[in-house]
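Visitor: Dropping a structure here in structure tokens format, bear with me for questions.
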Amino acid sequence: MAGTRSTDGTGPMLEGKDLLDKARSLSNRPEDQIARACGYVGPSGRVLKKSFYRALVAAKGYSLPSSAGGGGGGTGLSKGRQAEFRTRVHGNGNLLIGQAYTRRMGLEPGQEFRIEIHKETGAIWLLPLEDSTLPA
């Protein structure tokens, strides 16, 4: 039985017995290749590992509680990559906070900020420049 279409539109995300059979037939391959072959690929081409693993667990007959922040309404699909509230400094010294955070903060492309570090806590403050307005 085929499941929902992968978010990149390439084919169905296999579920149940079909998923177990396909994964078993590819068990000598790397996990990413198995997930991709089973249709768990996002629109950017990224392998949707969490959705793949949850579908495998469900196909084995186990029930998992829905993840915090809401999944796909019980379909086994998640809303994609969720903010983890963790980051690290890249090798080039850059610190990326990502779209999940800028969207959550209501920031728009092109807005400009002054960055300050709070001396007592080490917190980073983004202070809007006067000619840049924050959305209401």
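Visitor: Out of all the residues in segment 45-61, which are touching a residue at least 40 places away in the same chain (Cβ under 8 Å) and touching a strand residue (DSSP E or B) at 6+ places or on another chain (Cβ under 9 Å)? Give the derivation first.
Guide: Step one: list which residues in segment 45-61 are touching a residue at least 40 places away in the same chain (Cβ under 8 Å), which gives 48, 55, 58-60.
Within segment 45-61, L48, A55, A59 meet the criteria.
Visitor: Then there is this: Pick from segment 100-120 the residues that are free of Cβ contacts under 8 Å to residues at least 12 places away in the same chain and of a type in the set (V, I, T): which of them is farthest from R86 (Cα to Cα)?
Guide: I117
Visitor: Going through segment 85-126 one residue at a time, which ones are aliphatic (A, V, I, L, M) and in a strand (DSSP E or B)? Steps first, please.
Guide: Residues of segment 85-126 that are aliphatic (A, V, I, L, M), as a first pass: 89, 95-97, 100, 105, 107, 115, 117, 123-124, 126.
Hits for segment 85-126 are V89, L95, I115, I117, I124, L126.
Visitor: Select from segment 107-132 the residues that are over 17 Å from L95 (Cα atoms), among the charged types (D, E, K, R) and surrounded by 10 or more Cβ atoms within 10 Å (Cβ to Cβ) and list them in ascending order.
Guide: The one that is over 17 Å from L95 (Cα atoms), among the charged types (D, E, K, R) and surrounded by 10 or more Cβ atoms within 10 Å (Cβ to Cβ): E108.
Visitor: Looking for something touching a Gly at 6+ places or on another chain (Cβ under 9 Å), among the hydroxyl-bearing types (S, T, Y) and either on the phi > 0 side of the Ramachandran plot or modelled with pLDDT of 85 or more (or both) - is there at least one such residue anywhere in segment 49-59?
Guide: Checked against the condition, which is being touching a Gly at 6+ places or on another chain (Cβ under 9 Å), among the hydroxyl-bearing types (S, T, Y) and either on the phi > 0 side of the Ramachandran plot or modelled with pLDDT of 85 or more (or both), segment 49-59 yields at least one hit.
The values are calculated or read from the model by the stated rules, or taken from the named source; none is laboratory data. This one's a predicted model, so the numbers in the text were calculated from it and none came from an experiment. Note: ideal-geometry Cβ built from the backbone for every residue, glycine included; neighbour counts use all protein chains shown.
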